[in-house]
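I have placed the structure first, in the form of structure tokens, so that the comments after it can refer back to it.
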């Protein structure tokens, strides 16, 4: 009979899983975190759990927060199991489970007054967030904060009762300033180039709409460290819940399955202090940019490279895509010929070794990461993970056949059917627009590049336009498999 996850069951749970060596009830909150989804609970929460297990920094506990309906669903499930999470780390030859407990509560979703009051507490010294790449109100073409977004405009007029993460953060900072309390550090844990700068621009950009003096204070007084985060963490389904019950005898409403690898590189910019995370493997460096550039271009760009051709070939899982010689060959060729050569040097890192590690991680058959997850939200991810590499190569007078083909496969995917005719379910916040444009682009590739809010100046570069147009026409004329064969043979 599976054991229900709870603090009272630690002795029983220890038979199959590692359990905390600390008393969760004795922890004190020092961090409010927005977005306690799978990645956060497999990453930041695990690092804190490791630190607490060393007997250190028990005043840096987490309180969850959120603004979306899904955040409330997560809150209810975690509350029912004492805010615990089972994290299952998987490799091809072994799986291990651990119960983590660095979270002691979750603020009521939709209760802005309660959230602002917690943010104003002096004990809260860090506010962190994982709200996905699409949650920062960024204009895709310019990669700048969009102050005209309706949700931001609403918050600007209602800053005492905001609805967005950035509105709540700003209201919390304003409350602290008015009370004479030093501002907390705001720490993004999302896969965005310069995520600290992006977060600062969002908070200060909203502040500009409220009060320019408040915006100046935010920019001069609040710390926004940049960071690079990495751990492959698929979505939780009934498959993972069943595997946990069958393999470890634990009943968890929302377990997290992930790889064993994890990485976190941070700028050490925390005026009110921070947990001693360097004791559990976090790298603190003067400049995160080389690390995040490497990760976003090679790993996230690699995910985007395999995602769409694999989906068009009806491949379900990432490791299955890596077992397909054409998809794997496409990834390696694009990486080694077009992406890696323009990634700047990274301290103490060999980029070829890094790619070899990525290849092994993508090939892990235990993870169960899905192709549909990688295909999600291409309208936000392509401008961050693929198009910058293409733009850099164009600026250097280099070819972009592979990178243009990646985006052409995305356009074909958004048509809404795979090569076999299988219907592809909507998989982007902008799906209606994308699918309508993809239908026009079947006969006129320029229609896809006409989305200049996504492609920016690339849509005006003759070399890119020619490469993309040829790639998309080839996909429609010959299919995904033949197109991959032609590319790998040097005939595209």
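Between helix 238-248 and the chain there is an angle of about 60 degrees, using the helix long axis and the longest principal axis of the Cα atoms.
Taking every alpha-carbon pair under 8 Å whose residues sit at least 6 apart, the range 289-488 reaches a relative contact order of 27 percent.
The mean sequence distance of close C-alpha pairs (under 8 Å, at least 6 residues apart), as a share of the length of the chain, puts its relative contact order at 14 percent. One equal scatterer on each Cα of the range 139-277, no solvent, Debye formula: the resulting log10 I(q)/I(0) at q = 0.10, 0.17, 0.21 Å⁻¹ is -0.48, -0.97, -1.19.
Compute the long axis of helix 195-210 from its Cα atoms, compare it with the longest principal axis of the Cα atoms of the chain, and write down the angle in degrees, 0 to 90, nearest 10. Roughly 70 degrees, rounded to the nearest 10. Taking the centroid of alpha carbons for each part, the range 404-452 and the range 111-171 are 31 Å apart.
So if R0 is 30 Å, what FRET efficiency would residue 348 and residue 96 give, r being the distance between their Cβ atoms, rounded to the nearest 0.05? Walk me through the numbers before you get to the answer.
Details: r = 28 Å, r/R0 = 0.94.
For residue 348 and residue 96, the calculated efficiency is 0.60.
Between residue 238 and residue 491, residue separation times 0.36 nm minus the direct Cα-Cα distance comes to 86.7 nm.
Three semi-axes describe the equivalent ellipsoid of the range 3-285; taken as square roots of 5 times the Cα gyration tensor eigenvalues and ordered largest first, they are 33, 19, 18 Å. Taking only the Cα atoms of the chain, the radius of gyration and Dmax are 22.8, 67 Å. On the principal axes of its alpha carbon atoms, the range 55-97 extends 39, 30, 18 Å, with the longest extent given first.
Ranking 414, 375 by Cβ neighbours within 10 Å, fewest first, what do you get?
Exposure proxy ranking, most exposed first: 375, 414.
The relative contact order of the range 356-438 comes to 30 percent, based on Cα pairs under 8 Å that sit 6 or more residues apart.
Placing a pseudo-label 7 Å from each Cα along the Cα-to-Cβ vector at residue 436 and residue 211 gives an inter-label distance of 4.2 nm.
Peptides 148-159, 52-63 ordered by packing proxy, namely the average of other Cβ atoms within 10 Å per residue, highest first: 52-63, 148-159. Placing a label point 7 Å from the Cα of residue 16 along the Cα-to-Cβ direction, the residues of the range 224-243 whose backbone N falls under 13 Å of that point are 241-243.
When you count the other C-beta atoms within 10 angstrom of each residue and take the mean per peptide, 4-17, 218-231 line up highest first as 218-231, 4-17.
Which three numbers, in whole Å and largest first, are the semi-axes of the equivalent ellipsoid of the range 289-488 derived from its Cα gyration tensor as √(5λ)?
Semi-axes, largest first: 24, 21, 15 Å.
The C-alpha atoms of the chain define a longest principal axis, and helix 431-441 lies at about 10 degrees to it.
Given their separation in residues at 0.36 nm each and the Cα-Cα distance between them, residue 422 and residue 278 gain 47.0 nm when the chain is fully extended.
All of the numbers you see were taken from the coordinates with simple rules; none came from a lab. Everything numeric here is computed off the predicted structure, so don't read it as measured data. As a convention, Cβ positions derive from the backbone with ideal geometry for all residues, glycine included, and neighbour counts pool all protein chains shown.
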